[in-house]
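The values are calculated or read from the model by the stated rules, or taken from the named source; none is laboratory data. Not measured: the values here are computed from a predicted model. All Cβ positions, glycine included, derive from the backbone under ideal geometry; neighbour counts span all protein chains shown.
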Amino acid sequence: MDDSTIAAIATPVGCGGIGIIRISGSQAVFIASAVFQPSKAAGPFRSHRIYHGHVVNPESGRVLDEVFFLFMRAPRSYTREDVVEIHTHGGPMVLRAVLDLMLKGGARLAEAGEFTKRAFLNGRIDLSQAEAVIDLVQARTEKSLQIAAAQVKGALRHEVESIRKSLMGIQAEYEAAIDFPDETEGIGEAAGVPDRFQNDIIAPLEKMIEHYRTGHVFREGITLVIVGRPNVGKSSLMNCLVRKDRAIVSPMPGTTRDFIEEPLVINGIPVLVVDTAGLQDTHDPVEKIGIEKTMESIRASDLVLFVVEADPGLLPEDRRIFEEIKDKPAILVVNKTDLADPRKELRIPDAWRSLPMVKTSALLHRGIENLKAKIAATVIADGGIQTESPVIPNLRHKNALERALKAVLEAYDGFRTGRSPELVSMDLKEAGDALGGIMGEKADADLLDEIFSRFCIGK
């Protein structure tokens with residue numbers, strides 16, 4: 001590992017009450033103390049103490065700012081290295097000036113995520129906890145914050161380690177059967193092994209994989225695209241969902257010619273709502289571009305709101321639009337119910353009856369809460385998960401869990417059919433390696449670079 005001392009601004013860009021410069025490495029105290037003048041004479045800096053003073057340019061003698069100086073001695077720090085934090089006033093100029101002094105004093109500008117990467121490489125956290133740090137920073141909803149906070153504390157690691165412990169117990173028995181075939185009972189005849197496979201390994205793996213399927217939207221969010229022919233009320237519906245006049249509303253068809261995006265939160269799920277140009281046959285070159293962008297948005301969407309009018313009913317354009325979206329998860333939204341004759345029921349084609357349906361009046365704000373509930377129910381299968389003790393893998397974890405489950409099922413099949421202990425042990429080892437990969441065991445440099453590149457500089 002690179003043993004240089006690194007430094008970076010740890011607080012967001014812009015003006016604020018406090019700004020923090022973070023320095024980590026064996027020379028952190030030497031570099032930082034060279035520009036810090038404490039208000040009171042002090043001997044060697046004591047760990048986990050805050051000192052008041054000023055940062056002074058050693059070349060000009062000019063005071064840059066009144067600051068707090070915080071020292072954390074290794075290993076009791078975020079990186080398990082010596083760490084110094086200098087707390088300044090939160091202006092970008094003063095922060096940059098203090099950071100420049102650190103760099104001139106011998107520190108290197110930290111790369112994105114390098115402080116957390118050092119925490120991982122020094123054994124303070126595992127890789128799943130490191131990934132949770134960026135999830136915590138980027139959390140957009142209370143639920144995603146709750147999930148990330150639990151993972152930072154090691155909730156996922158504890159689940160994986162429990163499964164791995166059971167796996168290693170069975171593997172040890174197989175290894176003993178290989179090394180001492182005459183002194184060990186046949187594992188295929190051992191009582192309790194099937195239950196240990198099923199209850200302690202296979203079922204927990206399947207549960208964690210299912211948690212990804214039902215819960216990953218809390219972390220990653222969804223893209224929701226509103227689609228329909230011109231003038232069915234798509235823009236009005238978007239304005240109702242986001243609770244502001246984000247899209248221009250007009251009785252003239254074709255007002256929306258480009259897609260409009262707006263974020264919101266529905267039942268704890270981050271949602272990016274996209275209002276699109278109405279789909280219709282047109283010779284207008286500008287409208288054609290808008291319609292092509294609509295088709296691109298449909299292809300990239302996680303969920304489609306297919307909007308039709310309650311009156312005058314379905315038109316041929318509606319049926320053509322359904323053919324474009326029929327392979328996507330979708331909700332049928334029957335809008336403008338305020339204009340429809342309540343005695344007449346909209347006739348829905350048989351091919352559409354598998355779509356969840358909500359009736360709305362965007363003009364009168366009717367049915368909007370029902371629509372939000374239907375969106376949440378559609379994207380969270382089986383009603384979602386309990387988040388009191390949330391353990392929701394990310395995509396990398398899910399892929400590793402699936403590899404582990406596949407290997408365990410092979411091992412279990414080998415147990416039931418009496419396959420040689422050597423082959424079963426190989427499957428068990430493969431499963432254990434896959435689970436170890438979640439925590440970052442034997443992680444290669446490319447994987448680490450990919451993960452930590454998502455971080456900001458200073459974290």
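A few remarks follow.
- Test: residue in the stretch 23-37 that is at pLDDT 95 or above, on the phi > 0 side of the Ramachandran plot and in the same structural domain as THR116 (by TED's automatic domain parsing): yes
Conditions tested, residue by residue: (1) among the acidic types (Asp, Glu); (2) at pLDDT below 85.
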| position | (1), (2) |
| --- | --- |
| PRO263 | no, no |
| ASP275 | yes, no |
| GLN280 | no, yes |
| GLU296 | yes, yes |
| VAL304 | no, no |
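- Candidates in the stretch 293-311 are the residues that are of a type in the set (Asp, Glu) and over 30 Å from the mean Cα position of the chain (by Cα); of these, the one that is farthest from ALA373 (Cα to Cα) is ASP311.
- Flag if GLU220 is modelled with pLDDT of 85 or more, out of contact with any strand residue (DSSP E or B) (no Cβ under 6 Å at 6 or more places or on another chain) and either surrounded by fewer than 17 Cβ atoms within 10 Å (Cβ to Cβ) or more than 30 Å from ASP427 (Cα to Cα) (or both): no
- Residues (aliphatic (A, V, I, L, M), within 19 Å of LEU103 (Cα to Cα) and either in contact (Cβ under 8 Å) with a residue 24 or more places away in the chain or out of contact with any strand residue (DSSP E or B) (no Cβ under 7 Å at 6 or more places or on another chain) (or both)) located in the stretch 64-83: LEU64, VAL67, VAL83
- Boolean, LEU109 is of a type in the set (A, V, I, L, M) and surrounded by fewer than 17 Cβ atoms within 10 Å (Cβ to Cβ): yes
- Residues satisfying the stated conditions in the stretch 322-341, i.e. under 17 Å from ARG229 (Cα atoms), outside any helix (DSSP H, G or I) and of a type outside the set (Val, Ile, Thr): LYS326, ALA330, LEU332, ASN335, LYS336
- Failed criterion for ARG403 (all others in (1) modelled with pLDDT under 90; (2) assigned to a helix (DSSP H, G or I) hold): (1)
- Subset of the stretch 34-57 that is over 42 Å from the mean Cα position of the chain (by Cα) and more than 26 Å from PRO75 (Cα to Cα) - its residue that is surrounded by the fewest Cβ atoms within 10 Å (Cβ to Cβ): ALA41
- With respect to (1) exposed (fewer than 15 other Cβ atoms within 10 Å of the Cβ); (2) part of a helix (DSSP H, G or I), the lone exception for ALA411 is condition (1).
- Restricted to the stretch 346-365, and to residues there that are out of contact with any strand residue (DSSP E or B) (no Cβ under 8 Å at 6 or more places or on another chain) and within 18 Å of GLU309 (Cβ to Cβ), the residue that is surrounded by the fewest Cβ atoms within 10 Å (Cβ to Cβ) is ARG347.
- Flag if ARG73 is modelled with pLDDT of 95 or more, farther than 30 Å from ASP444 by Cβ and surrounded by fewer than 18 Cβ atoms within 10 Å (Cβ to Cβ): yes
- Residue within the stretch 352-368 that is free of Cβ contacts under 8 Å to residues at least 24 places away in the same chain and in the same structural domain as SER301 (by TED's automatic domain parsing) present: yes
- The residues of the stretch 120-146 that are at pLDDT 90 or above and not in a helix (DSSP H, G or I), listed by number, are ASN122, GLY123, ARG124, ILE125, ASP126.
- From the options LEU423, LEU448, LEU371, residue that is farther than 30 Å from ASN239 by Cα and crowded, with 17+ Cβ neighbours inside 10 Å: LEU448
- Flag if ARG46 is among the charged types (D, E, K, R) and at pLDDT below 95: yes
- The one condition from (1) over 28 Å from ALA112 (Cα atoms); (2) surrounded by 14 or more Cβ atoms within 10 Å (Cβ to Cβ) that GLY418 does not meet is (2).
- Any chance LEU428 is over 29 Å from the mean Cα position of the chain (by Cα) and either β-branched (Val, Ile, Thr) or not in a loop (DSSP other than H, G, I, E, B) (or both): yes
- Test: residue in the stretch 35-44 that is in contact (Cβ under 8 Å) with a residue 40 or more places away in the chain and either over 29 Å from ASP126 (Cβ atoms) or in contact with a helix residue (DSSP H, G or I) (Cβ under 6 Å, 6 or more places away or on another chain) (or both): yes
- Residues in the stretch 323-345 that are hydrophobic (A, V, I, L, M, F, W, C) and crowded, with 19+ Cβ neighbours inside 10 Å: ILE325, ALA330, ILE331, LEU332, VAL333, VAL334, ALA340.
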